[in-house]
Amino acid sequence: MITVEQLYEKLKPIRVGSPLCEFTLEHCQKIHPVIARIEELKQKENAIILAHNYVAPEILYGVADHTGDSYGLAKIARDSDAEVIVFPAVRFMAETAKILNPHKTVIDPNPDGGCSLADGISAIDVRRLRKQFPDHTFVCYINTTAEVKALCDVCVTSSNVYHIVETIDNDNIYFLPDKLMAMNVIQYLQDRGIKKNISWYDGTCYVHEEYGPDAIDFIRTGNPNVDVLVHPECQPAVVEKADYVGSTTSMLNHVRESSGDTFFLLTECGLTGILQSEFPEKRFVGSCTMCKYMKANSLQDVLQALENPRPDQIIELSPEVRQNALRCVERMFEYAEKTSS
Ligand code: 13P
Ligand code: SF4
């Protein structure tokens, strides 16, 4: 278990301009008993905690067994032999862990943790679209409910979307629900001379759609050597100006491997916080924004959910939805593992 001093060392470099992220030694002393109790319960229940890169730093550094992007965490959930998986993130991530682990208890400490993408499309919408586009392969972003995944052909994440769409053996693709990601994929394929007919749904991430190309111009004026990293949920005009585009974990790895010293990240604040903690010698300029859904998870929620989970915190899926959604998620693993080999 992490000590108060180790926790403070990890949290004190984090400066992302929110009261959530002003860490003092006193704060670490105050939260440490909660961390100790969570650790005790993890042992007792044979539980692991998987935390997305965007959740609060005291969860990431205090109690998480694994942190990462949606693809990395889905793989860890698939391969884990723990009996209980606690997933502080957003609902669709915990659902994906359940799709992969029907016999395990999967707990979502914050069951109201939606996502503007996942909440923007329903199974009814997909049924209607499948009738409208009968010869299309339906590709869904992992940011969708299990019911939506169950009606699609293959799932993708930000770490494999370009390669999977490129590899699919059908030129007619329906991509849902992120229209900005669909446009970025179209641009990627056009740049490589690949012709595919891609239709898309009209969803967006409410955090990433707000970033505009002007912010990059502004930051570059004062910091000519800045390395600009963006998530593929951003507008194409933002992606076009970026030095690097990738998932949250790929951006983290890019900074780790880069010899540069100044970075501007157009993504949720959680990632900037991790980078400030991991690389205190590097400079992170510009501002970031918070995802209210990811930030709704607290240490206290994690403790309560482990101690005595409420029915709405335990993920349950009907066998039919689970089996069909599993086919969709497994196809992602097949494509992703084939592309990366
Ligand atoms: P990653 O898979 O890149 O971590 O993205 C998840 C997400 O919700 C981004 O907004
Ligand atoms: Fe969903 Fe956007 Fe939050 Fe990611 S940042 S979980 S896409 S609302």
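Here are a few things to note about the model shown:
- Residue that is surrounded by the most Cβ atoms within 10 Å (Cβ to Cβ), among those in the range 256-274 that are without any contact (Cβ under 8 Å) to a residue 40 or more places away in the chain and more than 14 Å from ligand 1 (Cβ to nearest atom): 263
- Condition met for residue 124 (surrounded by fewer than 20 Cβ atoms within 10 Å (Cβ to Cβ), free of Cβ contacts under 8 Å to residues at least 40 places away in the same chain and either of a type outside the set (Asp, Glu) or outside any helix (DSSP H, G or I) (or both)): yes
- Leading residue by the ranking (surrounded by the most Cβ atoms within 10 Å (Cβ to Cβ)) among those in the range 195-213 that are more than 25 Å from the chain's Cα centre (by Cα) and at pLDDT 95 or above: 196
- Any hit, the range 170-181, residues being surrounded by 21 or more Cβ atoms within 10 Å (Cβ to Cβ) and in a loop (DSSP other than H, G, I, E, B): yes
- Criterion (modelled with pLDDT of 95 or more, more than 16 Å from ligand 1 (Cβ to nearest atom) and open to solvent by less than 10 Å² (accessible area, probe 1.4 Å)) met by exactly one of 228, 185, 238: 228
- Test result for residue 289, polar (S, T, N, Q), crowded, with 22+ Cβ neighbours inside 10 Å and touching a Cys at 6+ places or on another chain (Cβ under 9 Å): no
- Pair list, Cβ under 8 Å, 6 or more apart: the range 177-193 residue touching a residue at least 12 places away in the same chain (Cβ under 8 Å), other residue in a helix (DSSP H, G or I) and of a type in the set (A, V, I, L, M, F, W, C): 177/118; 177/148; 181/161; 184/239; 185/161; 185/165; 187/239; 189/165
- The number of residues in the range 189-233 that are touching an Asp or Glu at 6+ places or on another chain (Cβ under 8 Å), more than 16 Å from ligand 2 (Cβ to nearest atom) and within 27 Å of residue 172 (Cβ to Cβ) comes to 6.
- Cross-chain or 6+ apart pairs with Cβ under 6 Å, the range 38-65 first and within 18 Å of residue 277 (Cβ to Cβ), then assigned to a loop (DSSP other than H, G, I, E, B) and within 16 Å of ligand 2 (Cβ to nearest atom): 51/88; 52/89; 54/291; 55/88; 55/297; 59/88
The values are calculated or read from the model by the stated rules, or taken from the named source; none is laboratory data. Keep in mind the model is a prediction, meaning the values are calculated, not measured. Note that we place each Cβ from the backbone using ideal geometry, even for glycine, and neighbour counts take in every protein chain shown. Ligands, DNA and RNA are stripped out before the accessible areas are found, and what is left, the full protein with its side chains, is counted by its heavy atoms. Shrake-Rupley method; radii C 1.70, N 1.55, O 1.52, S 1.80 Å.
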